[in-house]
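J.: Got a structure for you, questions after.
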Amino acid sequence: MGELEVEKHVKYILLVEKRKDDFESVVMEHLRMNGAYWGLTTLDLLGKLETVDTEEVVSWVMKCQHESGGFGGNVGHDPHLLYTLSSVQVLALFDKINVLDTDRVSNYIAGLQNDDGSFSGDMWGEVDTRFSYIAICCLSLLHHLDKINVEKAVKYIVSCKNLDGGFGCTPGGESHAGQVFCCVGALSITGSLHHIDKDLLGWWLCERQVKSGGLNGRPEKLPDVCYSWWVLSSLIMIDRVHWIDKEKLVKFILDCQDKENGGISDRPDDAVDVYHTYFGVAGLSLLEYPGLKAIDPAYALPVDVVNRIFFGR
Amino acid sequence: MSEEGLYCEGDPLDLLNQLEYILESDPLIDEVGFIHPSQFVALNEEAGGPPPSSVGTVLQSADESVKSKISNTNVLNTVFWNRDHKLGISTKVLLPLYNAAKHAFMAANEQYKMHKNLSVERDGSGNGSVLSCYSTSLNILETQVMKHSRALLLLSCDFGTAWNSRKLVLSKKQHFPIFMDELLLSALVLSYSPKSESAWSHRRWVIKMIAGKCSNLQEIVEKESELVKKIAEKSKMNYRAWNHRCWLVSYMSGGQVLHELSKYRDWAGLHIADNSCFHYRTRLMLRMLEDSWQKQNVNGCSGCNFEIHQVWKEELDWNEMLIKRYIGREALWLHRRFLSLCWIKHFATDIHDASCHSDHKTSTSHDMVIFMDNELGLFRSCSAILDNDFEDFQSHAIFSATYILWLTKQVSECLGIELREKLLAGEPKTLLNKVCLEKAFLWDSLGGLCGCI
Ligand SMILES: [Zn+2]
């Protein structure tokens, strides 16, 4: 079995950040904040965060904040919960949450809760359990969960549970490993995991493992490295991770590396990107791959960062 | 001068003007794609001879200055290709074109927002002529925002700020056709990026805006469903598309739900690997169940149950037919899990609901016995691997075994025991350990969960 090409992945991530001369990279600029979170968390898990200029990152993140308190995906872009969580997570990596007016950010998030307990992603009202997770995760990191109606938020998430044990975007939506992660993560953070039938959900989740060892996100789909994170973290949170073959999954992820230029792709021999590089490394971290920092399955941040926030170093 | 030189050195703003001009002149464009320069030659040859019809019309109706500008930049149609309401954009110009569109949009949007805020502040200041002059410039800015955001979204489908700016402009309008135009733009974006989350979300925003105000909502919902079908044919297992369709169900009438279920059955039979399309059927059927419970609560009639009972039976039979015809399809087996579970919960146990908790453990309803026997028969016929190494047959056997195990665990306790007694000495588990060893961890723990198997 090959090994994790740590140095090459670090080089790849630092390089990707600077690419601005082709359409494919420029056209992603509206979600640069997510990209920053993926890239920087990967560096931290690999133990190489110190290669980055903290001040540069922090001042850029703060330039993306709006009067409302929410963050945009880049300077000049509209705020959205998707980017607000990434911003808070990036600041957390650098132990810089203190630069935030946490009241203002929390009020922005709390203002997006609807009467039925669900959350809109922004002022335009699209509802999705992903936004429930983001709101709960973010408020928890900011120590402001008391600003929302947690009971209603949990009730809404539970209403999105399907008969197969999985969760969808809204009530009646198809189960999807990404949505499952969000719902399980939110229930875990709020101490509400008893709403889950762990055997039933665990069954659905471990049926995501295919012959190659990789995981897919839904039935009949090809395996994809990013689901190593969504499925695995969920299985850990509901204590059913021993139901899958971990060794084969490690091998699958390692087979998706670009051994020459660094980076990880969705499947062996595909083109690499930062998103899958992060989920590959995060997946390996959950699998306790040697040399990697441990990652928290609910907050999607290195465990030492989470401990710093909740237990003060 | 080479063709390449023309658009490389050409002003990106010219490119943007040209794109926006084409979009305005041909509002019925329903498909856009990015084309490699080499494909232009083929496209033009295929078209043969006369200039593409729509660009031709455009040029005839254009005033002279724009006309010459367009023909100058778009020499030999090497940048934009427009015919039969299809638009092709050369991959060579994507970067400069995107940059020009983004800057034009961001500038217009910023000005528009500033202006709008000012006008809110001025509200009630009462100077008529100033206000009217003000609203004129606001109108001009609105037009700019709409024009540039449209061009930008054809190049970057998930540029959220551009979608938002359109919502901001539209949210004050009452004019119905404008909202229909948004559905067209979203469909156009989906034609090149069928998974664009923002484009799907924009449709939902539009529908929510008009839902209370229009008389033809049913018709719109039907068209939406049709659009998802069209996109799902080209873009397989598209979660975003099917999620949109599931979302539509809450806007459907009871009749529409039933109609959707029967209308798209054949389609599902042709797309048996698309789990999302079976989930959509799940969604429709659960909606029928909900409706029938509500009716029962209101009327107290159990007769309303008959129709849905029939629907369920037909779906079960149809699913069994598909399972036997298409070997080793996961989505079909998962759909069966859903159908069987609901059948047991809501139909087969209707009469003897209480018996389960009483001492008479043998008094399971007659319906239930027949049903369980049928499922066991299905499992046995599908799990017989005739020394067959073909992967599909192995998968078939695995799916049938996990199906019956899953059912055993999900049905209420007393029924489970009965079913287990019939499963001779751990039949499914032995089979799973034989053909699906990589999941041994799961099967082992299930042994504990399911008691005797
Ligand atoms: Zn992926």
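The values are calculated or read from the model by the stated rules, or taken from the named source; none is laboratory data. Everything quoted here is computed from the prediction, not taken from an experiment. When we count neighbours, we look across all protein chains shown, and the Cβ atoms used for this are built from the backbone with ideal geometry, even at glycine. In case anyone asks, the SASA skips ligands and DNA or RNA and just uses the protein heavy atoms, side chains included. Shrake-Rupley method; radii C 1.70, N 1.55, O 1.52, S 1.80 Å.
J.: Mind listing the phi-derived Karplus ³J(HN,Hα) values for segment A:138-148, rounded to whole Hz, using 6.51, -1.76 and 1.60 with θ = phi - 60°, and x for any glycine or proline?
T.: 5, 5, 5, 4, 8, 6, 10, 4, 5, 6, 10
J.: I want the local charge near A:E260. Using Cβ-Cβ distances under 14 Å, sum +1 for each Lys or Arg and -1 for each Asp or Glu among the other residues. Don't skip to the answer; put the middle values down first.
T.: Values: positive: A:K8, A:K11, A:K259; negative: A:E5, A:E7, A:D258, A:D269.
Computed value for this residue: -1.
J.: Taking only protein heavy atoms and a 1.4 Å probe, what accessible area per residue, in Å², does segment A:6-311 have with all protein chains in place?
T.: Working: 11090 Å² over 306 residues.
Roughly 36 Å² per residue, with all protein chains present.
J.: Quick one: which residues, 5+ away or cross-chain, put their amide H under 5 Å from the amide H of A:G173? H built at 1.01 Å from N.
T.: Here A:G168 satisfy the definition.
J.: Still on this structure: Could you go through segment A:264-273 in sequence order and give the Karplus-derived ³J(HN,Hα) for each residue, using 6.51 cos²θ - 1.76 cosθ + 1.60 with θ = phi - 60°, rounded to whole Hz, and x for Gly and Pro?
T.: Listing the rounded values in order: 10, 10, 5, 9, x, 6, 7, 6, 7, 8 Hz.
J.: Counting other C-beta atoms within 10 Å, and keeping those with at most 15, which DSSP coil trypsin sites (Lys or Arg not before Pro) do you find in segment A:12-62? Each step should come with its number before you reach the end.
T.: Values: sites: A:K18, A:R19, A:K20, A:R32, A:K48; in loops: A:K18, A:R19, A:K20, A:K48.
In loop regions of segment A:12-62 (DSSP not H, G, I, E or B), the sparsely surrounded trypsin sites (Lys or Arg not before Pro) are A:K18, A:R19, A:K20.
J.: With the other protein chains left in place, how much accessible area per residue, in square angstrom, belongs to segment B:86-238 at a 1.4 angstrom probe? Show your work: numbers first, answer last.
T.: Working: 6640 Å² over 153 residues.
Computed with neighbouring chains in place, this is 43 Å² per residue.
J.: Before we go on, tell me the buried accessible area for the B/A pair, both chains summed, 1.4 Å probe, in Å² to the nearest 100. Provide the component values of the computation, followed by the final result.
T.: Values: alone 23270 and 14020 Å², together 32830 Å².
Counting protein atoms only, the buried area is about 4500 Å².
J.: Mind listing, in residue-number order, the residues in segment B:145-163 that have at least 50 Å² less accessible area with every protein chain present than in their own chain alone (1.4 Å probe)?
T.: Buried-area filter returns B:T161.
J.: Only sites in a loop by DSSP and with at most 16 other Cβ atoms within 10 Å count here; which trypsin sites (Lys or Arg not before Pro) in segment B:190-283 make the cut? Spell out each step's value before the answer.
T.: On the way: sites: B:K195, B:R203, B:R204, B:K208, B:K213, B:K223, B:K229, B:K230, B:K234, B:K236, B:R240, B:R245, B:K263, B:R265, B:R281, B:R283; in loops: B:K195, B:K213, B:K236.
Within segment B:190-283, the qualifying trypsin sites (Lys or Arg not before Pro) (loop, at most 16 other Cβ atoms within 10 Å) are B:K195, B:K213, B:K236.
J.: Using a 10 Å cut-off on Cβ atoms, rank the peptides A:62-68, B:141-147, B:171-177 from the highest mean neighbour count down.
T.: Numbers: A:62-68: 15.3, B:141-147: 19.0, B:171-177: 9.3.
Top to bottom by mean Cβ count within 10 Å: B:141-147, A:62-68, B:171-177.
J.: Got a sec to turn the phi values of segment A:281-290 into Karplus ³J(HN,Hα) couplings, 6.51 cos²θ - 1.76 cosθ + 1.60 with θ = phi - 60°, whole Hz, x for Gly and Pro?
T.: 5, 5, x, 4, 4, 5, 8, 6, 5, x
J.: I've got another one for you. Which of B:K234/B:K313; A:K198/B:K345; A:K155/B:K263; A:K259/B:K434 have a Cα-Cα distance over 27 Å? Display every interim value, and only then the final one.
T.: Details: B:K234/B:K313 31 Å; A:K198/B:K345 21 Å; A:K155/B:K263 34 Å; A:K259/B:K434 36 Å.
Pairs exceeding the cut-off: B:K234/B:K313; A:K155/B:K263; A:K259/B:K434.
J.: To the nearest 20 debye, what is the magnitude of the charge dipole of segment A:6-311 about its Cα centre, counting +1 on the Cβ of each Lys and Arg and -1 on the Cβ of each Asp and Glu?
T.: 460
J.: Ranked from the most accessible area to the least, with a 1.4 Å probe and all protein chains present, what is the order of B:M237, A:M123, A:M28? Intermediate results must be reported in sequence, preceding the final value.
T.: Numbers: B:M237 40, A:M123 145, A:M28 95 Å².
From most accessible down to least: A:M123, A:M28, B:M237.
J.: Tell me, which residues of segment A:173-201 get at least 30 Å² less accessible area when the other protein chains come in, versus the chain alone (1.4 Å probe)?
T.: Going by heavy-atom accessible area, the residues of segment A:173-201 that drop by at least 30 Å² are A:E174, A:D199, A:L200.
J.: Give me the distance in nm between label points sitting 7 Å out from Cα along the Cα-to-Cβ direction at A:K20 and A:K63, one decimal.
T.: For A:K20 paired with A:K63, the spin-label model returns 0.9 nm.
J.: Suppose R0 equals 51 Å; then what is the FRET efficiency for B:H259 and A:D101 from their Cβ-Cβ distance, rounded to the nearest 0.05? Intermediate results must be reported in sequence, preceding the final value.
T.: Values: r = 53 Å, r/R0 = 1.04.
FRET efficiency, B:H259 to A:D101: 0.45.
J.: Using the Cα gyration tensor of chain A, with a ≥ b ≥ c the square roots of its eigenvalues, what is the shape: rounded (a/c below 1.5), prolate (a/b larger than b/c) or oblate (neither)? All intermediate terms of the calculation are to be shown ahead of the outcome.
T.: On the way: a/c = 1.59, a/b = 1.06, b/c = 1.50.
In terms of gyration-tensor shape, oblate.
J.: What is the percent carbon and sulfur in the accessible area of chain A, measuring with a 1.4 Å probe over the protein chains and ignoring ligands? Numbers along the way, then the final one.
T.: Working: 6100 of 11720 Å².
So the carbon and sulfur contribution to the accessible surface is 52 percent.
J.: Now, a different point. What GluC sites (Glu not before Pro) in segment A:191-283 are in a loop by DSSP, with at most 11 other Cβ atoms within 10 Å of the Cβ?
T.: On the way: sites: A:E207, A:E220, A:E247, A:E260; in loops: A:E207, A:E220, A:E260.
Of the GluC sites (Glu not before Pro), the ones in loops of segment A:191-283 whose Cβ has at most 11 other Cβ atoms within 10 Å are A:E260.
J.: Continuing with this model, one more query. What does the structure give for B:318-325 when I average, per residue, the other chain Cβ atoms found within 10 Å of the residue Cβ? It would help to have the intermediate numbers written out before the result.
T.: Values: counts 0, 0, 0, 0, 0, 0, 0, 0.
So the per-residue partner count for this stretch is 0.
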